Amino acid sequence: MHLWGSNRYKLVDPDAGPLTLSSASQLQIKKPKYLNALSGQSFCDLALHERYAVAVTPSGDLVQWGSGFSSEAGPSVSLRGHNVVQVALTHNKIYARTKSGKVLIVPASKAEQTDASKKPLPTISFFWKLFNYKDPGAHFVEMSIANKDRKSKKVVDISAGRSHLLALGEDGRAMVAACSDDANDCGQLGGGRLLVEAISSKVASEAIADSDIEFDVTLKDIPALRNLTMKQLVAGDRHSLALTSEGRVLGWGNNSLGQLSLGGGYAFPTIPAPTEANLGASYPKSARIQVQKLFAGGDQSYFLVSREDINPSAGADYTDSGDKRIYEDLLAAGNGMYGGMGNGSWNSSGQAVRVRTVSGLQEYSEVKQAIQPIPVHSVSIASTHTAVVLSNAVHDAVTKQSFGNDVFVFGHNDNYQLGTGKRSNLNIPQHLQPLPYPVSREAEAKISQMEKSGNIIEEEGLQSGTKSHMPHNRLQLASRKDKLEERIVCGYGTTAVYWHVES
């Protein structure tokens, strides 16, 4: 695993000594750093918050580090034995989705996880230990689902903002929960006054602090979406997005910077009820668009759109039939003051704009013998910076070499979280240099000898992973092979690359 960016909370280098404000080299890591404490490990999921990080092992246990977890302990296992496959993080709580479709709430702090003054830690009897069950090792609470008359008994996806949680049921049901007192300060719960009052009255009657994992343990229907089937739910800091089964995009919550993409003239700062995004205004009437996927983080929203251009006047730019060509675009809306729109400007936008460099790309397929779009593989968003991975990995049948998926980064770079080695923000997606991996003593000796002799150091002597087939070096992530692939994750001022394994 590689990490870079802010190390103020010992995320990038958890094994370092005490951090001091005067030590700039400790507080910020300019270039990707190999995390020896987790070397050679693969994970089902990885999430980075401001003060702590959580990784999910292939066995479903949680591994945590950072001063928000413990100021003394390095990466160590917290919750065990619950077959977790996905995590979503807030300031002081971990929401963990299990393989069976349950959602658990775990305190982020190790002290809270093991605080015996509140209640005894959960334990497993000797009988169940014989069947390889483990003691949880941390306090947790299992969330319940309201309206049990609905078919949905399992949660298949979760997404957390700063203070609210969105959950998608197996039947497309949209559910929500409050993570703190300000969970609906911008209407991001989408539930209206009655839902908020129900949460507040329960908390007040039982005198529960919003930092407690018992604060809100029930996933509730979003009233306006009760009769709709959802494909996806994603949460920004204080706004929410939903993709329906028909391909419509609905947004609610904070819209102060246009992150709901309701159009340039839609100036309401908060939208308390789900409202349809106006993505069609970004294209001419001759284009047909279909939203494929949503991404959200901070005050930004991204929309992965398949575009079918049917204007027959373009001549050679079209297929042999002369009627259409398919493109794939990544649209952005919201906070652009740090370059988050990726369109070359520093302006926020309430109208979705195309992210440059990664939108509208095409290539010739020798297999299909036709021009086809280069898809976006994944997008990771933090509060102010973004990483986009293209799905352009290839295997050269002639040279027998494999090349990975290209990575682009853009946005805020105050903590060197973009990994460029510089502190300047980027408003256009840019490549990164390959990651530095540890090398053997024999390779180190060879490199040292070549440096002394003035010879050029071979690329594979310094880097591992996939090599670039272009004349210049750049970061490419290894594509899926034997259930493994490399992934990039953006956090609050930090970024990481890790090996992902299918759960």
In the range 90-101, what count of residues is obtained for those that are surrounded by fewer than 23 Cβ atoms within 10 Å (Cβ to Cβ) and of a type outside the set (D, E, K, R)? 6
Pairs, first within 21 Å of H164 (Cβ to Cβ) in the range 277-299, second of a type in the set (D, E, K, R) and assigned to a loop (DSSP other than H, G, I, E, B), C-beta under 9 Å, six or more apart: A277/R248; A296/D237; G297/D237; G298/D237; D299/D237; D299/R238
Those residues of the range 472-487 which are under 21 Å from S59 (Cα atoms) and in contact (Cβ under 8 Å) with a residue 12 or more places away in the chain, in sequence order: K483, L484, E485, E486, R487
In the range 220-247, which residue that is among the charged types (D, E, K, R) and at pLDDT 95 or above is surrounded by the most Cβ atoms within 10 Å (Cβ to Cβ)? R238
Report, ordered by the first and then the second residue, all pairs with beta carbons closer than 7 Å, sequence separation of six or more or different chains, a first member in the range 427-438 that is within 25 Å of M341 (Cα to Cα) and among the hydrophobic types (A, V, I, L, M, F, W, C), and a second member that is assigned to a loop (DSSP other than H, G, I, E, B) and modelled with pLDDT of 85 or more. I428/G342; I428/G344; I428/R356; I428/T357; L432/G419; L432/T420; L432/L475
Failed criterion for I124 (all others in (1) in a loop (DSSP other than H, G, I, E, B); (2) at pLDDT 70 or above; (3) surrounded by 13 or more Cβ atoms within 10 Å (Cβ to Cβ) hold): (2)
Here are D135, D149: which of them is in contact with a Pro (Cβ under 9 Å, 6 or more places away or on another chain), modelled with pLDDT under 80 and more than 26 Å from N254 (Cα to Cα)? D135
Hits in the range 60-87 (condition: modelled with pLDDT of 90 or more and farther than 14 Å from F140 by Cβ): V63, W65, G66, S67, G68, F69, S70, P75, S76, V85, Q86
Among G60, G5, G81, G68, the single one that is of a type outside the set (A, V, I, L, M, F, W, C), farther than 23 Å from G298 by Cβ and under 20 Å from the mean Cα position of the chain (by Cα) is G60
Residues that are in a loop (DSSP other than H, G, I, E, B) and among the hydrophobic types (A, V, I, L, M, F, W, C): does the range 271-293 have at least one? yes
What do you reckon, is G191 at pLDDT below 90 and buried (at least 18 other Cβ atoms within 10 Å of the Cβ)? yes
Residues that are closer than 13 Å to W4 by Cα and either at pLDDT below 75 or not hydroxyl-bearing (S, T, Y) (or both), drawn from the range 410-432: N413, D414, N415, Q417, L418, G419, G421, K422, R423, L432
Neighbours by Cβ (under 9 Å, 6+ apart or cross-chain): first from the range 8-22, surrounded by 13 or more Cβ atoms within 10 Å (Cβ to Cβ); second of a type in the set (D, E) and modelled with pLDDT of 85 or more: R8/E50; Y9/E50; L11/E50
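The values are calculated or read from the model by the stated rules, or taken from the named source; none is laboratory data. Keep in mind the model is a prediction, meaning the values are calculated, not measured. Glycine gets a Cβ as well: all are built from the backbone with ideal geometry, and neighbour counts include every protein chain shown.
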